[in-house]
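Only the coordinates and a few stated rules stand behind these numbers; no lab work does. All values reported here derive from a predicted model rather than from experimental measurement. Quick reminder, even Gly has a Cβ in these numbers, built from the backbone with ideal geometry, and neighbours come from all protein chains shown.
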Amino acid sequence: MTTTPDKPVPLPDGSAPDPYPLYADLRAKGEVHAVREPTGLCRWTFPGYEHGRRMLADPRLTKDPRAAWDELAAAGYVTGDPHTDRHMFHLLNTDPPDHTRLRAMVQRSFSAGRAATLRPTVVRTVRELLDGLDPHTTVDLIADYALPLAVRVIGEILGVPTGNFDEYHAWASAGLAVPGAAAPMSRAEAYGHMRDFFAGLVARRRAELRKRADVPAEPDVLTALLLAQEDGGPLTDDEMTALLIFLLNTGQEPTVSMVANGMLALLRHPGQLALLAGEPKLLPTAVDEFLRYDGPVALSTLRIAREDIEVDGTVVPRGGIVSVVMSSADRDERRFADPDRLDITRSPNPHLAFGHGIHRCVGVPLARLIGETAFGELLARHPEPTLACAPEELRWRPTRVMRSLAALPVLLAPRGT
């Protein structure tokens, strides 16, 4: 057995136009690889489906960053500023029982039932955004469609004003940037802005709530958290702020990428585009296939080994930082037939885009609703969109975790009309 492969392999960041051949090579070479980042951080990465799925739910791994704090600090994943770092402890960075407690506080707001009540809001928002797009000029389906859609919907659920969605996106982008990458603001600055924004919002909403005589039948997340706290629930202000920051970020970034990456896949596969435009009943399986084929999460968030873990003769040592290469696992030929082919009729489709285990995405019903509505309404109006630039001109954002385009220029009307 070995605990350190001789030559740690490279892993592309999110800016790689086509990382999938490298992922296939990783799968062919083994089930676990040590990846050395430019920051110096070593990740033990799992590129295959079966082992990756197991790791996502393995109780021998902790999500608490304090288990590898010094390594994460040296690599820039934690800032060293206690006012910022204390807001890292949200759903993604906690274990039971704290994770169980925090998830229970927001689960109802993201349930299938709650998503169903939001359907009219999502449909109305999508149609309003489409009304504002000129089909005869180039539009950016991210800045003009996917981003405002994601922020308005998550804002509705959280109870957050959505007029400054460009600002929210800038904060989320800085928070996701690869440590050390050039960016308009640092991670610490981004979290500082979010912390200050939510601290002020929480104070205002708490004062408003105490003046009210009634309780909303379907409270937004912020109201529900304040009500739980007023009733003596075990929730600190820091935990509330951390939860809101996490939900604002995860409610926009993956949603934007789901819509953009899925539309790009269709534009590159005109036969599948025509099929979906002609058969909207395929929307549920199409959205799942977009998530599998080129999903928004390239690399899982960090887990840390509580003990030595042996996988096929390689030992991930206690304290080792573990990630699953989600984009690779969902193209694993041992799990998916013809995995590099886009097939919007693929079923079953047990992709890992939403994660697995107790940390599976809390907002799955909402994500499916947004995806089906965003694609369905767009293609109902504009069944023949085309890419408005050469494919090689597209740019992918340099994030380690996300797989996200910087922009997606599209012409909605058929060329020449």
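So what are the three principal axis dimensions of the range 74-159 from its Cα atoms, in whole Å, longest to shortest?
Sorted from largest, the Cα extents of the range 74-159 read 50, 37, 17 Å.
Computed over the Cα atoms of the range 241-345, what is the convex hull's projected area averaged over all directions, in nm²?
Hull-based average projected area comes out at 8.9 nm².
For the range 166-256, take the convex hull of the Cα atoms, compute a quarter of its surface area, and give me that in nm², please.
For the range 166-256, the mean projected area of the Cα convex hull comes to 7.0 nm².
GNM on the chain, C-alpha springs below 10 Å: top fluctuator among 217, 74, 274?
So, out of 217, 74, 274, the one fluctuating most is 217.
Please name whichever of 45, 59, 291 sits farthest to the positive end of the charge dipole of the range 20-411, dipole taken about the Cα centre and charges placed at Cβ: Lys and Arg +1, Asp and Glu -1.
After comparing all options, I get 59.
Please compute the contact order of the chain in relative form: average sequence separation of alpha-carbon pairs under 8 Å and at least six residues apart, divided by the residue count, as a percent.
Contact order relative to length: 29 percent.
Tell me, what does the Kirkwood hydrodynamic radius of the range 298-417 come to in angstroms if you use every pair of distinct C-alpha atoms?
By the Kirkwood definition, the hydrodynamic radius is 18.0 Å.
Suppose only helical runs count, i.e. DSSP H with n ≥ 4. What mean residue ellipticity at 222 nm does that imply for the chain under -39500 (n - 2.57) per run, divided by all residues and rounded to the nearest 500 deg cm²/dmol?
So the helix-based figure for the chain works out to -14500 deg cm²/dmol.
Give, as ranges by residue number, the residues of the range 217-256 whose backbone N falls under 17 Å from the point 7 Å along Cα→Cβ of residue 100.
It comes to 234-235, nothing else.
Please get the size of the charge dipole for the chain, origin at its Cα centre, with Cβ charges of +1 on Lys and Arg and -1 on Asp and Glu, quoted in debye to the nearest 20.
Here the size comes out at about 580 debye.
Where in the chain are the DSSP H helices whose alpha-carbon span along the long axis reaches 15 Å or more and whose Kyte-Doolittle mean is at least 0.5?
147-158, 237-268, 364-381
Normalised radius of gyration for the range 20-411, please: alpha carbon Rg relative to 2.2 N^0.38 Å, two decimal places.
Normalised Cα radius of gyration, the range 20-411: 0.98.
Report the paramagnetic label zone for residue 415: residues of the range 237-271 whose backbone N is under 15 Å from a point 7 Å from Cα along the Cα-to-Cβ axis.
267-270
Expressed as a whole number of Å, what is the distance separating the alpha-carbon centroids of the range 299-357 and the range 120-143?
Between the Cα centres of the range 120-143 and the range 299-357 lies a distance of 34 Å.
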